[in-house]
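Asker: My questions will all concern the structure given below.
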Amino acid sequence: MPQHGAHDRPPHSPAGPALSRTVRKAVVPAAGLGTRFLPATKATPKEMLPVVDKPAIQYAVEEAAAAGLDDILVVTGRHKRAIEDHFDHAHELEQALAAKGDTVRLDAVRDPARLADIHHIRQGDPLGLGHAVLCARRHVGDQPFVVLLGDDLIDPRETLLSRMLDVRDRYAGSVVALMRVDPAQIHLYGCAAVSPTGEDDVVRVTGLVEKPSRETAPSAYAVIGRHVLDPAVFGTLERTPPGRGGEIQLTDALQELAANGTVHGVVFVGLRYDTGDRADYLRTVVRLACDRPGPECVAWLKEFVAGPEGDSARREEGRRAA
Ligand code: G1P
């Protein structure tokens, strides 16, 4: 298991209040086959597809680091070497950039390895999300931990994870992130039955079901890819039989914990992007590119959506200039 040290953290890494928390470890499952993105994912892990100028998985690792988590375990599968390399040092490249005095790119290359102590473990057989989490058991030990699913990209300006960690501190047990979705979309998510707690954005989760039909869904609250899990989940996962799709589902294990009254939900109303399918991935790239690099992308986009006339005029212009 390669382990990359993080002795020299970048200045934007967190310090201070978050580090006093008991939760320090995060798990990022990244063993999926990425079939929805073939052939792009034939030799490249889907987690390494770029979202503007960083691979998708880097956003999740940055989010974990920003919430004070300094130990991150990436659960990988076959063909995932690129993920390990990305969070490692790249000495030749760093030397070449240093020799040129290109400090901006040098920092960009060094940052991934400095975000946290990043570890990797292989899942072996892709038996489902619940199984991926179970693979982290030995590394995590008997302490609460965070799971971040890379397909859900939470806008870097949001503080969802910190809020979830606060809720875990106060209520103990496990905490899931919930978002209200169009009932026609609920079959794409784990769905939670909830009851109020008296706090606007915190609910008690009374039941969970993985990808129910619209008709059988207990609510429009979808579980999105952020969890703070009590280590009790490991024992439950061990007993959890394969569920939907023949996979060991995290949702099924959490259902057992919810039945014991130990799961809460933080209702998120902020910006979340879904990089899990092609159309949503493209929307994510466009939306984030409008923030960074920013104005030039917005200006181009406005012109582009202004209509095909503008586009064919530009093409004509190009032909004339050629
Ligand atoms: C997984 C979980 C599901 C959750 C979703 C969030 O599904 O199984 O409960 O709602 O992530 O993105 P997947 O999208 O991997 O099929």
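The values are calculated or read from the model by the stated rules, or taken from the named source; none is laboratory data. Owing to the predicted nature of the structure, the values given are computational and were not obtained by experimental measurement. No Cβ is skipped: glycine too gets one built from the backbone with ideal geometry, and neighbour counts run over all protein chains shown. Remember, those area values only see protein heavy atoms, side chains included, never the ligands or the DNA or RNA. Shrake-Rupley method; radii C 1.70, N 1.55, O 1.52, S 1.80 Å.
Asker: How large, in Å, is the range 121-235 by the Kirkwood hydrodynamic radius built from its alpha-carbon pairs?
Answerer: Details: mean 1/r = 0.0655 Å⁻¹.
Its Kirkwood hydrodynamic radius stands at 15.3 Å.
Asker: Taking only Cα atoms, what is the 0 to 90° angle, nearest 10, from helix 56-66's long axis to the longest principal axis of the chain?
Answerer: It works out to around 60 degrees.
Asker: Helix 308-321 sits at what angle to the longest principal axis of the chain, using alpha carbons and giving 0 to 90 degrees rounded to 10?
Answerer: Roughly 40 degrees, rounded to the nearest 10.
Asker: Now a separate question. Roughly to the nearest percent, how much of the accessible area of the chain is carbon and sulfur, given a 1.4 Å probe?
Answerer: Numbers: 8560 of 16020 Å².
It is 53 percent, rounded to a whole number.
Asker: Which order do peptides 183-189, 113-119, 292-298 fall in by mean Cβ count within 10 Å, highest first? Mind dumping the intermediate values first?
Answerer: Numbers: 183-189: 15.3, 113-119: 21.6, 292-298: 11.7.
The most tightly packed comes first, giving 113-119, 183-189, 292-298.
Asker: Now for a separate question. Based on the alpha-carbon set only, what is the convex hull volume of the range 204-322 divided per residue, in Å³? Each step should come with its number before you reach the end.
Answerer: Working: hull volume 23.3 nm³, N = 119.
It is 195 Å³ per residue.
Asker: Please work out the C-alpha center-to-center distance from the range 47-84 to the range 132-157 and express it in whole Å.
Answerer: 11 Å
Asker: Over the chain, consider all pairs of different Cα atoms and compute the Kirkwood hydrodynamic radius from their mean reciprocal separation; express it in Å, one decimal. Spell out each step's value before the answer.
Answerer: Details: mean 1/r = 0.0476 Å⁻¹.
After inverting the mean inverse Cα-Cα distance, the result is 21.0 Å.
Asker: What angle, in degrees between 0 and 90 and rounded to the nearest 10, separates the Cα long axis of helix 103-114 from the longest principal axis of the Cα atoms of the chain?
Answerer: With rounding to tens, the tilt is 20 degrees.
Asker: What is the spin-label model distance, in nm, from residue 304 to residue 143 if the labels are put 7 Å beyond Cα along the C-beta direction?
Answerer: Roughly 4.5 nm, to one decimal.
Asker: Could you tell me the calculated FRET efficiency between residue 296 and residue 200, based on Cβ-Cβ distance and R0 = 45 angstrom, to the nearest 0.05?
Answerer: On the way: r = 39 Å, r/R0 = 0.86.
Here the calculated transfer efficiency is 0.70.
Asker: Shape call for the range 115-186 from the C-alpha gyration tensor, a ≥ b ≥ c root eigenvalues: rounded (a/c under 1.5), prolate (a/b greater than b/c) or oblate? Walk me through the numbers before you get to the answer.
Answerer: On the way: a/c = 1.62, a/b = 1.23, b/c = 1.31.
Oblate.
Asker: May I pose another question? Per residue, how much accessible surface does the chain expose to a 1.4 Å probe? Answer in Å², no decimals.
Answerer: On a per-residue basis, the chain sits at 50 Å².
Asker: What pairs in 25/46; 25/80; 42/100; 80/100; 54/211 have C-alpha atoms more than 28 Å from each other? Display every interim value, and only then the final one.
Answerer: Values: 25/46 23 Å; 25/80 21 Å; 42/100 34 Å; 80/100 31 Å; 54/211 30 Å.
Beyond 28 Å: 42/100; 80/100; 54/211.
Asker: Determine by what factor the alpha-carbon radius of gyration of the range 175-246 differs from 2.2 N^0.38 Å, reporting the quotient.
Answerer: Values: Rg = 12.9 Å, N = 72, 2.2 N^0.38 = 11.2 Å.
In units of the 2.2 N^0.38 Å rule of thumb, it is 1.15.
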